[in-house]
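The values are calculated or read from the model by the stated rules, or taken from the named source; none is laboratory data. Fair warning: this is a prediction, and the values are worked out from it, not measured in the lab. Note: ideal-geometry Cβ built from the backbone for every residue, glycine included; neighbour counts use all protein chains shown.
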Amino acid sequence: MEVEWLLVIHGLVTLLVLISFLCGQWPIFAGTFIQKIHFFLTFGACDYFRRFVGAVFGQRGSNALFCVEYYCCDRPNPTLQVIYLGIIGASYYLIVQSAFKYIPGHYLGEVHRYISLLAVGGGILLFLLTSFSDPGTVNAGNVSHYLSAYPYDNIIFSEKECPTCKIPKPARSKHCSICDRCVARFDHHCGWMNNCIGEKNSRYFMAFLLWHFLLCLYGAVAIALVLAGRLKELRVIDILTVYYGFEKSFSSLAPHVAVVSGGPPFGFCLIISISSPVALGIVNLIVREVAIEYRDMLTEKGTCAERSPSSEISSRRPLCGWEFEEWLLDSYNTQILIMVFLAIISMLLAGFLAYHTKLCVTNTTTNETFKWQEYLSWKRKVNEAKVSAAALKASLAELNHEKKHPVSKWKAFFQRSHLEEVEVVKNNIYDKGVLQNVFEIVVPLSTRRSFLQRKSKSG
């Protein structure tokens, strides 16, 4: 099997793992192998690891593992915060060391040196703002105002008392077991922020997601332009373009590359290459045959300031596609890996941002989506039980009636049942329209003058 197909398979496996991990719990995948992979990645692997530690190290090892798990998963800790700062710091450092020496270049001006610094600084600022801001803590002093701001819908929220805080529990609030506090309009506890996401800091969290999506996208595109500029400056792209007599540009070449490559379609290879860092070798499908024919042209031009693919190969021997890639990856391996890493992260952030944007425009939280799923599932089961009971009762009544007054078979065949399943409808009383829902995120109810006036009157 050719190496490029091995890379395609690797990319598909990577996509399968990502889809299983992120979407395996969706109802559409219930009972499929994707759900099984999701269970293994989220619970099964950890359970097997616990058993392994217990079998090898005994009870002492199991207790030590439990303590580590309790600290990392059930108590506030800065582990993921440190990892975030390490990732963004290391990524920016590698970009500065590997890509800044080519800026200014053919496509990027020197201004991008400073724009990138401001972009990273803005992302860290939003991270700190989300991490250390009050999510909307509910206490005895402000609980009455939150009770007024968020009425009970008596569906997924009803009047009750928080058993831990010993105060009335406002609608849309939740007691976070990790932070040990009640949070108004609770969405979720974010380990990356080491903080809850609630009424007061949801705006910062959304800004954080949007900013980092744009930041990663900007970084991936900028590095791609750096590499494209280098190939243009070194005239390496002539290998692919001169043969066709076209203007030396990637866009004019792309349709012909897909035909020349002799492998999977170019667009498919591009998706696979983005989905997996090691699949970058798929570029072999693009350059192999044309590079063989035009090795002499690149040698004659001799314009490469750096080590070119032709400088390492005998003038009598054809240039192999993998030798071209070896030169490309050897000269720009750091830039290529960072570019693919940023592209993958930007796609993940795009999905996460889209999900939370949907929650914002419908005035729903992550916590409430689970509550609605449980309620709708319970309601459907109740309705199904009612319909089944009514159908059984109607069947018995018809059976007794037919004994006294037999019904024609044709009439019974065309007769419609009056029993219809009742449709379960989600009635979200907090959804006030897109504009008001978004405004509630940007300007939380607890920061408005009406809320503060109610607070002063009650105080």
Out of (1) at pLDDT below 90; (2) surrounded by 12 or more Cβ atoms within 10 Å (Cβ to Cβ); (3) small (Gly, Ala, Ser), the one Gly89 does not meet is (1)
For Leu117, which of the numbered conditions (1) free of Cβ contacts under 8 Å to residues at least 40 places away in the same chain; (2) among the hydrophobic types (A, V, I, L, M, F, W, C); (3) buried (at least 22 other Cβ atoms within 10 Å of the Cβ) fails to hold? (3)
Has region 97-106 got at least one residue that is closer than 20 Å to Asn363 by Cβ and hydroxyl-bearing (Ser, Thr, Tyr)? no
Of (1) touching a residue at least 60 places away in the same chain (Cβ under 8 Å); (2) touching a Cys at 6+ places or on another chain (Cβ under 7 Å); (3) not hydroxyl-bearing (Ser, Thr, Tyr), Trp192 fails just (2)
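Has region 155-166 got at least one residue that is part of a strand (DSSP E or B) and either farther than 30 Å from His212 by Cα or not aromatic (Phe, Trp, Tyr) (or both)? Walk me through it before giving the result.
Looking only at region 155-166, we keep the residues that are part of a strand (DSSP E or B), and these are 161.
This time we only want the ones that are either farther than 30 Å from His212 by Cα or not aromatic (Phe, Trp, Tyr) (or both), so: 161.
Scanning region 155-166, I find at least one residue that is part of a strand (DSSP E or B) and either farther than 30 Å from His212 by Cα or not aromatic (Phe, Trp, Tyr) (or both), so the answer is yes.
May I ask you to verify whether Ile178 is in a loop (DSSP other than H, G, I, E, B), among the aliphatic types (A, V, I, L, M) and either outside the structural domain of Thr364 (by TED's automatic domain parsing) or more than 27 Å from the chain's Cα centre (by Cα) (or both)? Let's see the steps before the verdict.
Values: in a loop (DSSP other than H, G, I, E, B): yes; among the aliphatic types (A, V, I, L, M): yes; either outside the structural domain of Thr364 (by TED's automatic domain parsing) or more than 27 Å from the chain's Cα centre (by Cα) (or both): no.
Spelling it out, it is not the case that Ile178 is in a loop (DSSP other than H, G, I, E, B), among the aliphatic types (A, V, I, L, M) and either outside the structural domain of Thr364 (by TED's automatic domain parsing) or more than 27 Å from the chain's Cα centre (by Cα) (or both).
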Of the residues Tyr150, Tyr146, which is at pLDDT below 95, within 21 Å of Cys360 (Cα to Cα) and crowded, with 23+ Cβ neighbours inside 10 Å? Tyr146
List pairs: first residue in region 155-177 and on the phi > 0 side of the Ramachandran plot, second residue hydroxyl-bearing (Ser, Thr, Tyr) anywhere in the structure, Cβ distance under 6 angstrom, at least six positions apart or on different chains. Arg172/Tyr150
Among (1) assigned to a helix (DSSP H, G or I); (2) more than 30 Å from Trp372 (Cβ to Cβ); (3) touching a residue at least 40 places away in the same chain (Cβ under 8 Å), the one test that Tyr107 misses: (1)
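Answer yes or no as to whether Phe57 is free of Cβ contacts under 8 Å to residues at least 12 places away in the same chain, over 30 Å from Glu374 (Cα atoms), part of a helix (DSSP H, G or I) and not assigned by TED's automatic domain parsing to the domain that holds Glu161.
yes
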Which numbered condition in (1) more than 28 Å from Cys179 (Cα to Cα); (2) surrounded by 14 or more Cβ atoms within 10 Å (Cβ to Cβ); (3) not hydrophobic (A, V, I, L, M, F, W, C) is the only one that Pro27 fails? (2)
